[in-house]
Each structure stands twice: as structure tokens, then as C-alpha cells.
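Student: Pasting a structure below so you can have a look.
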Amino acid sequence: MALVQPIGLSEPDAPIPPGGTPPSGDAGRVTPMMEQYIEIKAANPDCLLFYRMGDFYEMFFADAETASRALGIMLTKRGKHLGVDIPMCGVPVERADEYLHRLIALGHRVAVCEQLEDPAEARKRGPKSVVRRDVVRLVTPGTLTEDTLLDAKRNNYLLAVARARSSSSGDDNRFALAWIDISTGEFHITECDRASLSAEIARLEPSEIIVSDALFADADLVPYWRTLPAVTPLTRDVFDGATAERRLTSFFAVATSEAFGTISRLELTAAAACVTYVERTQIGRRPPLSPPLRESAGATMAIDQATRGNLELVRTLAGERRGSLLEAIDHTVTSAGSRLLAQRLSAPLTDPNAITRRLDAVAAFVEDIASRAETRSRLQAAPDLARALARLAVGRGGPRDLAAIRDGVQAAAELARALVALKESPAEIADALQSCRRPDARLAAELSQALADELPAFKRDGGFVREGYDAALDETRSLRDASRRVVAALQTRYAEETGVRGLKIRHNNVLGYFVEVTAQHGDKLMAAPFNATFIHRQTLAGQVRFTSTELGELEAKIASAAERSLGLELEIFERLSAAVIAESVALKQCAEALACLDVASALSALAAEHGYARPHVDDSLAFVIEGGRHPVVEQALARDGTPFVANDSDLSPPADAKSGILAGRIWLITGPNMAGKSTFLRQNALIAILAQTGSFVPAKAAHIGVVDRLFSRVGAADDLARGRSTFMVEMVETAAILNQASARSLVILDEIGRGTATFDGLSIAWATVEHLHDVNRCRALFATHFHELTALAARLDRLHNATVRVKEWRGDVVFLHEVVPGSADHSYGIQVAKLAGLPASVIERAKLVLAKLEQEDRAKPKGFEDLPLFAAPYKPSQEMQDDAYELMVAAVAALNPDDMSPREAMEALYLLKKKLAETEKK
Ligand code: ADP
Ligand code: MG
């Protein structure tokens, strides 16, 4: 839609600032307003400048061209600069949020420049003076506070990334991350290495990342930065380690950074960059940031970006929340609860005690149905305390934010009273209830007394203070109302005096108050004697409008009373706002507590609704799931009335494992297409995530030893359908797993090796399974259509073959979705193709070809059994060269002939011979 400056506000070809500079005839001269504009723009070169002129934000020059294209608004001209037309476009102030939203989403940054004085003030300084203006705020994706610009259910993080200086530590692989959400006040810091940097960023999904110029231009990182939505390079002073402590401590007004606990120098640098950026963008306004909270490395399950993507944790591969795990489990009733749940799901814990603490809270609400219902219904009345508080703190709050504080505090207090009955409150709930009681009850009482029942969206609209709250306000209001009554009396009097019964006194924004009569009576009022009283203003088709001295005086009185009462209301607003900000620490804790109670009660509602069980989580390497289900597929099938077939899994180290070796099992799952292999794989990963998030899980029972890293990969063919992946990507990702997975990790590989020729693919899959078994020793699920791989179970003692059952019935295939020990004997590819509706002639022909191929295949020797063992024990190559002799000795020492089958002994012997031969060659 097109927006142009309303006609009449300005000359079309010469900028007349509200200060009143006459248009300059001299094409070479710069008007004072343009001078001001250019100066402000020069100070904010990387932002679009919203330059306030009356009721509009105007953009000029290149900004205008960019914005008009981005917003689809009309580009006009406004005067000339150095003899050339000035391109201009504008957006109305009251709709600015909407346009800001679109510009920010497109990756722009906006500097909002306001008029800092009344144009009348400027005029007093002389005809050439310009209204004082300055930038009051930079709007960037990571520093938003308005509800209209934010997603209520998601955090909006600004992330600062700092890297250790290679000269000082010799380690330029260390990074510190500091992230804040200024719309809620959350502030966290942590350190990580280069390998986990992208996983951390994938977890946080920051809206904006700030880095130093140097890091931004780092050759190694440039390709990565390009994949992220908004990376802002900043001058090096923002990331200066020497001044970091001072900047951070002065922001929080504390003496030393020890107040925040132990923080590394690098973390301090990242944290300081955050607060400096906040100061630069908020310009004097202080969001209620909490002191930085340190997250220790390894406290959360590492899940890289590809894994998050293909497990569809918070959004589907198509980018939607619908269909994701988060959407399936989110039963929260508040936005803050929804945000906390998303946070927790993105960062499952690794400490069994912390997980138990969360599970205890969920369990309490599972058992006590009445408390759960009570909690959820009271929470529904609790607005978004954290965001309302943040807006008030940065001076962008309105009357409804004050009301949100009032309602939130009241709901929290009532909840705390109602839940005293909750039997044996577990620690998490007890702590939350304590925090619910923290905010001063007098604050809510004061707000209740002060605020009217119906509240306007903006404080500038007035009318939000309740009658009877403030005597002075009541008095000016009654003056205003009394004058309005005088207007009514005047109408009656004028009607009587003129004998025009239809005479009305009306009001509009252009004329103010006026007398209106129908056209037929117009002449009468314009003639003597009435022309002494009535002054003609306007003649319309059907009406004639007049004013009078008396009406003018009354109007002035009404206007000044209205202005005075708005002034008083704004004073009251500031006072209440200050009282709220003074309570911000308690209010924030209260907000967090409400979110926490929401998550615990919501997860219990989920567990009750879908029959989830409490998982047992400990430090072992166990992984036993009984009757596990896929949380999302199960709900999708239920909508069609189809039952989900539950399946068991067991990846725990075998009970008879050789002592000292910590290693989980690998399940190799074969079975035809559409049998349910992928579903089974993912459900096990999702159950681990849910358990470590502190949720009950879709299973009859689950015992999970904490998973430190989770990897999930899908073979290229599956992904190609979605137009995402290539074989190369598949291999790069597989490499990452084989290089990183430890015995504590859980690895899910779905049809790896499928994206290339059969023999290539099979060989890669083969070697991958061996590596996982012998080197990574992680718990793993490996789905494959290469039946040949099942032969590996004969040699790899922790490899278990499983298959998904199907039934053949009159030449068709029936999927039972039941995972059972063993391996698939057929691919059933042709049957599936038939189900899919391939023409009968093609199916018949395919059957013939298959029969022929199988015949030839049988004629050839199999030969896989003859492959030598994987080159275990595995060591990085340099070390191998370092001391091959010692390795040989160690290899012999590690052999335990009593535990070996004759065949294993033979193989070990061959291996030793081979190694010896290699050593002698050097
Ligand atoms: P595969 O990976 O073996 O080709 P999928 O896991 O993609 O098979 O499953 C194919 C379809 O079968 C799924 O979309 C789902 O509708 C159904 N399905 C899978 N597992 C189950 C199950 N356990 N119970 C019921 N239906 C299932
Ligand atoms: Mg599959």
C-alpha cells in the first residue's frame, strides 16, 4: 500500500522543516533541516534512518529507495539537495511497528530519530531554526521489546561471540558466548571450542550475532557467518578485553566482576560486548538484565545443527512449528511457559540430579490432578510479566503493561496460596512458590487502585487512571466535563435564540468545536443580527458550519483541561512505572517461577493425556526402552484413528561385557521401505531428549544413562526428496560423527551410504558400523537396506540385528511396524512400488529382472566373511608411527585367549602378523 505525506503538510519541492525554514531558491545551498538530517545519518551509516517529521517517519536518499522497495510504499521527491531531487518516502508514526517488523525481518537495522522539542519551541529561536532531533534508539533484530515485533512463544536472543586472542593464549580455538534476551532480561555466558560453536549457535537460534570486525572477516568463519541470519560486525573496542570488566561492572553497578561468580576473561569480554551493544542501541535506556549466569561446558546435551534439523525438535524440515516435537508436547498456557519449554527442549541436561529435580515436579502434578488443574487455570490469568517489565524499563511500556504486572503478581500470589496443599512439594515447585510470593503485594494493590477497568493501548491516549485515585486529576477531569456540559447548554441556548431547532454543536479534529445547521438555515445565521455572534467557517453540500467567540473560549478551556489531565496521568504513569522497576528483581524471579510451574504442569498434562511414563535417568550407559512410541507420529496417527505400534529397544552395554570396556550396543535395523525403520530410530532419540529435558516419555518404561552428545543423520536419498542434501554433505556429516562420538553419545544413522552406487555405499556403511563399534563404542541405531551388513553381527559382539516385521499376503506386503530380532530377507521394493501405484506392466517386468539378478548373485561367492577385522585398536596415525613396537606389545597384552573363540584367536593372530609386517616396512 502506498503512503505519501498528506497533501498540505509541505511544499512538494522544498523541504520546509516544522521549524519553518523558507524554501531556498538556491539549488547549491543545503537547508538547515537537510544539514541536520545529513549529520544524524552520518552518525548511523549502517541503519535506515527514520527521521521524525510531525506524524510521519521520513526516509531520504538511498534509505528512501531501499525502504520503498522493501515495504512497497511510494517513493516521492521532496525538494532538492545540491541541485538534485531528494528521494523520500515515509511511514505514519502510529503504524511504525508494522513497518519496522518488516524491515527487521528483511535484515535491516533502523535508527529511530525523534523530535526532542515542540516545533513551537524551535520557532521561538528564530525563523531559520530546526526542531531539535536525535536518535533515541537503534532497532536491530536482537534488541526488540515490542510484542508486535516479537514472537510470544520464542526467546529473542542477541549473541556476542568473542574469540581468544591467539597471541595471548596460543589457542584461537576458544570462544566465549554471551547471550541476552532484552525482552525478558535473561543473560547467559559460556565457553566452547570451534567444533561446538555451530552447535551452540544452532541451539540458541539468536536473532542477531555481534562479533568483532576481525572475527567477522576471519577467513575460516566467513562461510559460516554467511549461513546465519544477522551477523553484525562491531569495532574492536566493543570486544576489548582490557575494558570489559569495567564496562560490565559499571552496567550492573557492582564493584568487581567477582559479584558474578567465576567468569573467564574471555567470557567477560563477550558479556561486556552485549551490554555495550545494549547501551548503544537503547541509548540511555536500561533493560532489566539479570547478572550473567555461567553455563558450564557439558551441562547440556550437545546436539548439532543437522541433528536438530532432522529430528525436527522445534520446527520441521520445512521450517514450521507445526509437526515439530515442540508443538506436539507444548501444553503450556502462558507465553513465558512456552518459551521456557522451548529453551529446555533445545538444551537437554546431562546432570541426573538436575534432571530428577525437574522430573519430580512433573511427577507431583501427574499425581495431584486437582493441583494441576488449579495451577493451569490460574496461570491462564497470568500475563507475560517479563516482557511487560522489560518494556516499562526501556520506556516503551503502556498502561496495559502496568496491568500485566498487576495481574501477574496477583495470579502468582493466589497460586502460591492455592498450592500450599500440594502434597510434599518437590524442590522445584517449592522454590517456585517461594518466588511467587516475592513481589511486594502493595505494588499490585497500588496498581489495582490506580488503573481503570478499560485501558488504552498507549499512555498518550490517556484515560487509564481510575476515577477517585488522584484528587488533582479528578478535579481537572470534572472541569473538562463541566465545560462539556456548558457546551450542551450553549447548544440549547443557541437553538432557542436563533429559532433553528436542528442547530447542533459538533466536534471534529480539523475545526474543533463548531455550530452546524442545515443548508436552508445557513443564510439566516450569516445575516444580521446573528452574524454578530456566528462566524462562518465552512459550507458543505447539506450543512453550514460556524464558530463563535464563546465557543472558542470554551474549547480552549476544555483543551487545556484535557491537556492538564493527560499531563497528570503521564506523571502517575511514570511514578507507577518507577515503582514497578524498583521491584524488578522480585518480579523477574516471579515471572520465571510462573514459567517453571507452567512447564511442569503442562508436561504432566501431556503425560496424563498420552500415557507417558517417568524415565529413570542416571550416570550409567544404559538405554532400555520398553514400549516406546514416536511422540509426533503417534499423535498424527491418532488423529486418523490409527494405533501406533510400540517397540522396545536396548542399547545398554551387554551384561557380559569384558570388564573395563565402556561400550554400548549397536542395533542394525533392516526391513523394507515404509516398514517403520526411520520412525523407530527417531523415537529412540526423541525419548532420550525428552527424558533429559525433564519430561515424561512416550513409553511404558525407560532407563537412560545420560547422553552427552546426540547425532542423527539421514542418508542422502531421503533428503534429496526435500531438496536439501547431497552425498557429499552426508559424508561430511558422517565424518563429524565418527570423529566426535564418545561412549556416552547416542548415534542415529538412517540409510547412510544410500546416496551413491551400491558397492560404494555398502563399503562405506560397512566401515562406518565397524568404526562405531570398535572406536566410538557409542550406543547407536543404524537403519540400512544393505542386508549384507547383518553378517557383521557374527564378528562384532555388541552388534544386534533387528528388523521390522512385514507380512506377505497374496503377493502384497502388510506392514506390522513391529521391531523384532533378526534380519529382513527381502526388500519388498516391488511390493511397495505396487502399493504406490506403479503400472502393472512395470511391476511384472521388475519381477522378471529381479529374479534374473538374484540368480546371478547366488552364483557369485559372497566373500564378506573374509574381510579382515577393522584396524583396531584404533589410534591416530602419528601416534601409530611413534611407537609401533609398544603398540604391538600392548596388543598382545590386551588379548585374553580364554575369552576368544578359535576363530577370533586366528583373526587376532593374522592381525598381529599384518601389523608386524607394516612396522618392518618402515
Ligand atoms: P522406513 O524408514 O522403514 O521406510 P518410516 O519410518 O518412514 O519407514 O515409516 C513409514 C510409515 O509407517 C510412517 O509414516 C508411519 O505412518 C508408519 N509407521 C511407522 N512406524 C509405525 C509404528 N510403530 N506404528 C504405526 N505406524 C508406523
Ligand atoms: Mg526411512
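The values are calculated or read from the model by the stated rules, or taken from the named source; none is laboratory data. From a predicted model like this one, the values you see are computed outputs, not experimental measurements. Note that each Cβ is placed from the backbone with ideal geometry, even for glycine, and that neighbours are counted across all protein chains shown. The area values use the complete protein model at the heavy-atom level, side chains included, leaving out ligands, DNA and RNA. Shrake-Rupley method; radii C 1.70, N 1.55, O 1.52, S 1.80 Å.
Student: Tell me which residues, restricted to the stretch 404-415, are buried (at least 20 other Cβ atoms within 10 Å of the Cβ) and small (Gly, Ala, Ser).
Tutor: Ala404, Gly408, Ala411, Ala412 - these are the residues of the stretch 404-415 that are buried (at least 20 other Cβ atoms within 10 Å of the Cβ) and small (Gly, Ala, Ser).
Student: On the given criteria, is Ala602 closer than 22 Å to Ala430 by Cα and not in a strand (DSSP E or B)?
Tutor: yes
Student: Among the residues of the stretch 778-787, is any touching a Ser or Thr at 6+ places or on another chain (Cβ under 7 Å), farther than 18 Å from Gly664 by Cα and in a loop (DSSP other than H, G, I, E, B)?
Tutor: Yes, the conditions are met somewhere in the stretch 778-787.
Student: Here's something else I'd like to know. Condition check: part of a helix (DSSP H, G or I), hydrophobic (A, V, I, L, M, F, W, C) and in contact with a helix residue (DSSP H, G or I) (Cβ under 6 Å, 6 or more places away or on another chain). Does Leu525 satisfy that?
Tutor: No.
Student: Test Leu326 against the stated conditions and say whether it is under 15 Å from the mean Cα position of the chain (by Cα), over 23 Å from Leu419 (Cα atoms), without any contact (Cβ under 8 Å) to a residue 40 or more places away in the chain and assigned to a helix (DSSP H, G or I).
Tutor: yes
Student: Can you go through Glu571, Glu583, Glu550, Glu516 and tell me which one is free of Cβ contacts under 8 Å to residues at least 12 places away in the same chain and of a type in the set (D, E, K, R)?
Tutor: Selected residue: Glu571, the only one of Glu571, Glu583, Glu550, Glu516 that is free of Cβ contacts under 8 Å to residues at least 12 places away in the same chain and of a type in the set (D, E, K, R).
Student: Which members of the stretch 787-805 meet the condition of being open to solvent by less than 10 Å² (accessible area, probe 1.4 Å), touching a helix residue (DSSP H, G or I) at 6+ places or on another chain (Cβ under 7 Å) and either of a type in the set (Asp, Glu) or within 15 Å of ligand 1 (Cβ to nearest atom) (or both)?
Tutor: Residue satisfying the conditions is Val804 alone.
Student: Would you confirm whether any residue within the stretch 112-128 is among the charged types (D, E, K, R), touching a Cys at 6+ places or on another chain (Cβ under 6 Å) and either surrounded by fewer than 17 Cβ atoms within 10 Å (Cβ to Cβ) or modelled with pLDDT of 90 or more (or both)?
Tutor: Scanning the stretch 112-128, I find no residue that is among the charged types (D, E, K, R), touching a Cys at 6+ places or on another chain (Cβ under 6 Å) and either surrounded by fewer than 17 Cβ atoms within 10 Å (Cβ to Cβ) or modelled with pLDDT of 90 or more (or both), so the answer is no.
Student: Residue under question is Ala336, and the condition is that it be more than 14 Å from the chain's Cα centre (by Cα) and in contact (Cβ under 8 Å) with a residue 24 or more places away in the chain; does it hold?
Tutor: In short, no.
Student: Looking only at the stretch 820-852, how many residues end up being acidic (Asp, Glu) and assigned to a loop (DSSP other than H, G, I, E, B)?
Tutor: 1
Student: I've got another one for you. Name every residue in the stretch 329-348 that is assigned to a helix (DSSP H, G or I) and polar (S, T, N, Q), in order of residue number.
Tutor: Result: Ser335, Ser338, Gln343, Ser346.
Student: Kindly list, by first and then second residue, each pair from a residue in the stretch 243-262 that is of a type in the set (D, E, K, R) to a residue that is exposed (fewer than 13 other Cβ atoms within 10 Å of the Cβ), limited to pairs with Cβ atoms under 9 Å and residues at least 6 apart or on different chains.
Tutor: Listed pairs, sorted by first residue: Glu245/Thr256.
Student: Let me ask something additional. I'd like the residue in the stretch 678-701 that is open to solvent by less than 10 Å² (accessible area, probe 1.4 Å) and over 27 Å from the mean Cα position of the chain (by Cα) and, out of all such residues, is farthest from ligand 2 (Cβ to nearest atom).
Tutor: Result: Ala699.
Student: In the stretch 368-381, how many residues are open to solvent by 10 Å² or more (accessible area, probe 1.4 Å) and either touching a residue at least 12 places away in the same chain (Cβ under 8 Å) or in a loop (DSSP other than H, G, I, E, B) (or both)?
Tutor: Final tally of qualifying residues: 9.
Student: What number of residues within the stretch 141-161 satisfy the criterion of being modelled with pLDDT of 90 or more and surrounded by fewer than 17 Cβ atoms within 10 Å (Cβ to Cβ)?
Tutor: Qualifying residue count for the region: 2.
Student: Among the numbered criteria (1) on the phi < 0 side of the Ramachandran plot; (2) modelled with pLDDT under 80; (3) buried (at least 16 other Cβ atoms within 10 Å of the Cβ), which single criterion is violated by Phe815?
Tutor: So the condition that Phe815 fails would be (2).
Student: Same structure again: Is it the case, given these coordinates, that Phe623 is on the phi < 0 side of the Ramachandran plot and within 16 Å of ligand 1 (Cβ to nearest atom)?
Tutor: No: the conditions fail for Phe623.
Student: Considering only residues that are among the β-branched types (Val, Ile, Thr) and open to solvent by 20 Å² or more (accessible area, probe 1.4 Å), look in the stretch 129-140 and name the one that is modelled with the lowest pLDDT.
Tutor: Here the answer is Val130.
Student: Could you tell me whether Pro12 is modelled with pLDDT under 90, under 25 Å from Asp461 (Cα atoms) and not β-branched (Val, Ile, Thr)?
Tutor: Considered against the rule, which asks whether it is modelled with pLDDT under 90, under 25 Å from Asp461 (Cα atoms) and not β-branched (Val, Ile, Thr), Pro12 comes out as no.
Student: Specify the residue that is surrounded by the fewest Cβ atoms within 10 Å (Cβ to Cβ); the eligible residues are those in the stretch 702-719 that are of a type in the set (A, V, I, L, M) and within 12 Å of ligand 1 (Cβ to nearest atom).
Tutor: Filtering first and then ranking leaves Ala717.
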